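Participant: I'd like to ask you about the structure that follows.
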Amino acid sequence: MERDPVAYGIKTLIAEKGLLQRAVAQRAGYTPQQFSDMLNNRKVIKAIDLIPISGALGVGVQDIYDAGRREA
């Protein structure tokens, strides 16, 4: 199964910035469970979800995609 570049990008940026996943979830307006489901392919991340998530991370939407395309 190919990894989801958007979820991977979000996880990568969370780790690089030393943030807590639950803190990003809260800032973006999601419960920790909803956010976890998004990052673990149990819930689809829609384009509209990227705006609050990128804001919570302090990056642009393109930065999420770019981080997700980096080699693991």
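The values are calculated or read from the model by the stated rules, or taken from the named source; none is laboratory data. Since we're looking at a predicted model, the values are computed, not measured. We place every Cβ from the backbone using ideal geometry, glycine too, and count neighbours over all the protein chains shown. In case anyone asks, the SASA skips ligands and DNA or RNA and just uses the protein heavy atoms, side chains included. Shrake-Rupley method; radii C 1.70, N 1.55, O 1.52, S 1.80 Å.
Participant: Any idea what the dipole of the chain comes to, in debye rounded to 20, about its Cα centre with Lys/Arg Cβ at +1 and Asp/Glu Cβ at -1?
Facilitator: Using only the charged Cβ atoms, the result is roughly 200 debye.
Participant: Another one. Quick check on packing: order 57-69, 2-14, 36-48 by the mean number of other C-beta atoms within 10 Å, highest mean leading.
Facilitator: Result, highest mean Cβ count within 10 Å first: 2-14, 57-69, 36-48.
Participant: First check a/c for the chain, with a ≥ b ≥ c the square roots of the eigenvalues of its C-alpha gyration tensor; if it is under 1.5, answer rounded, and if not, answer prolate when a/b is larger than b/c or oblate otherwise. Please report the intermediate quantities before stating the final value.
Facilitator: Numbers: a/c = 1.41, a/b = 1.16, b/c = 1.21.
Verdict is rounded for the chain.
Participant: Please report, as a whole percent, how much of the solvent-accessible surface of the chain comes from carbon and sulfur atoms (probe radius 1.4 Å).
Facilitator: C and S atoms contribute 53 percent here.
Participant: Leaving out ligands and nucleic acids, note down the accessible area per residue over the chain with a 1.4 angstrom probe, in whole Å². Write out the running numbers ahead of the final one.
Facilitator: On the way: 4480 Å² over 72 residues.
Here the per-residue accessible area is 62 Å².
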